[in-house]
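Beneath this line is the structure, given in structure tokens, with notes to follow.
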Amino acid sequence: MVTSKSPLESPAIGTARNDLIAACDDLLRASEPPPSDEGTALALSFSGGGFRATLAALGVLRFVADAGMLPRVRYVSSVSGGSLANGLFAHRYEKLQDAGFTAEAVDDLVVGPFVKKISSTSLSRALLRNIWRTIGSKTRTHLLADMFDRWFFDGRKLEDLSSQCRFIINAASVTTGVRFAFEREIVGDWVMGRVHTKGTGLRLATAAAASAAVPGAFAPLGIEGIEFPCAAGRTPYLLDGGAYDNSGIEALDNIPHALIVNLNAGGLFRTGRYGGIPLVRDLQRANSLLYRQSTALRFRDSVARFQMFERARAEGREPPKEARMGVLFGLASSVADAPTEWTEGRDEDRSSVDAVAAYKTSFDEFPRDICEKLIYRGWWLSGATLSAYHREELPSELPRWRALP
């Protein structure tokens, strides 16, 4: 089904007319990964927030590895800075598998190299030094993709990723107004349709850059040369996935059988006076309000689904189909229900929580101590929430923190 009118012309959701945006009737679907042989499958969801979000997400991965649960990860959904962590995991998945998914392998192949790179070099400055490369048809977002490729992904293509886990990297489409997803097998959205990645040459770095293309700093990234089934002659233009869903959790809505771990490392909303140039200031404030509202709605829906599951389990009945099993947390979250078994000998370090939660959203150089604190925060929150609400999924002896290599 092809419509001649752009979905962006559609009226607000909830109004009488809804005929200008419609689901493509030729939708491909990604293959499901194989079931986990070692327990409940895990689904990880990583938010945006620059390198702050990447580091906190690596902390989640590190906890999962320390708990011996990394072989159970079957889904990873992400936006923006979280997509770098997703991409790093996807890129090194086979090597991690060959190493037995050990915690040491995660440090050696994923966490250590990333921390070493961003604590010694500024990606932002590297982009500025290479801005001359954008002369012509190349944009800052193409340059970002090239830098991601050089720094982290070594030319890896989406179609070459492992089929053992679904790695879902999300962007926001300004062409259709919905979530646009990159996966190993397929790419696209529910309005334009989806196509197979085989033969497209799409890089993991391109997916991560589209997911992280913050409006204003980066231009929307056009996916050229691919014909989508319900968008003849139309090019999808993509920007930061956080503009649509900064939690990254929508892609996991229809996965009922996995234990979801959802990290939100997005920026904080600051109350009180808001300085700056009036017009720019007010637009930024409005954008912050919209982000706050969308994040709150996502969290509220997820909590309701998790509570449905818990009630059904407590009552010994089958959970309703919309129920989900999982936990969610933000960097500044308090975990009042964290058991003593977890908190004893594992300092939460509340004195640094506010500092890391409010640390800048950027691709600048990050001090080594901030890197470690953010990784620790993601690690600690994963352990605190899972031991509080899903202790049965963890090993009998809870992991201890290990200093970064």
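The values are calculated or read from the model by the stated rules, or taken from the named source; none is laboratory data. Small disclaimer: the values here were computed from a predicted structure and weren't measured. Every residue, glycine among them, receives a Cβ derived from its backbone with ideal geometry; neighbour counts consider all protein chains shown. Areas reflect the complete protein model, heavy atoms only, side chains present, ligands, DNA and RNA absent. Shrake-Rupley method; radii C 1.70, N 1.55, O 1.52, S 1.80 Å.
Of all residues in region 300-346, those satisfying the criterion of being without any contact (Cβ under 8 Å) to a residue 12 or more places away in the chain and part of a helix (DSSP H, G or I) are 300, 301, 304, 307, 311, 312, 313, 314, 340. Kindly establish whether residue 213 is part of a loop (DSSP other than H, G, I, E, B) and under 14 Å from residue 83 (Cβ atoms). Yes; evaluated as a whole, the condition is true for this residue.
Of the helices (runs of 4 or more DSSP H) entirely within region 78-147, those holding at least 3 residues that are at pLDDT below 95 occupy 123-129. The set of residues from region 80-100 being touching a helix residue (DSSP H, G or I) at 6+ places or on another chain (Cβ under 6 Å), among the aliphatic types (A, V, I, L, M) and in contact (Cβ under 8 Å) with a residue 24 or more places away in the chain comprises 84, 85, 88, 96.
Would region 229-241 turn up any residue that is of a type in the set (Val, Ile, Thr), surrounded by fewer than 20 Cβ atoms within 10 Å (Cβ to Cβ), farther than 20 Å from residue 90 by Cβ and modelled with pLDDT of 90 or more? Yes: region 229-241 contains one or more residues that are of a type in the set (Val, Ile, Thr), surrounded by fewer than 20 Cβ atoms within 10 Å (Cβ to Cβ), farther than 20 Å from residue 90 by Cβ and modelled with pLDDT of 90 or more.
For region 5-24, state whether one or more residues are modelled with pLDDT of 95 or more, open to solvent by 50 Å² or more (accessible area, probe 1.4 Å), of a type in the set (Lys, Arg) and not in a helix (DSSP H, G or I). Write out each step before concluding.
To start, the set of residues in region 5-24 that are modelled with pLDDT of 95 or more comprises none.
No, region 5-24 contains no residue that is modelled with pLDDT of 95 or more, open to solvent by 50 Å² or more (accessible area, probe 1.4 Å), of a type in the set (Lys, Arg) and not in a helix (DSSP H, G or I).
Being open to solvent by 10 Å² or more (accessible area, probe 1.4 Å) and out of contact with any Leu (no Cβ under 9 Å at 6 or more places or on another chain) holds for only one residue in 133, 140, 125, and it is 125.
Mind telling me which of the residues 254, 246, 262 ends up being without any contact (Cβ under 8 Å) to a residue 12 or more places away in the chain and under 24 Å from residue 302 (Cβ atoms)?
254
If you go through region 231-245 and keep only what is touching a helix residue (DSSP H, G or I) at 6+ places or on another chain (Cβ under 7 Å) and either closer than 16 Å to residue 187 by Cα or in a loop (DSSP other than H, G, I, E, B) (or both), you end up with 238, 240, 241.
Among the conditions (1) modelled with pLDDT of 95 or more; (2) under 17 Å from the mean Cα position of the chain (by Cα), the only one that residue 178 does not satisfy is (1).
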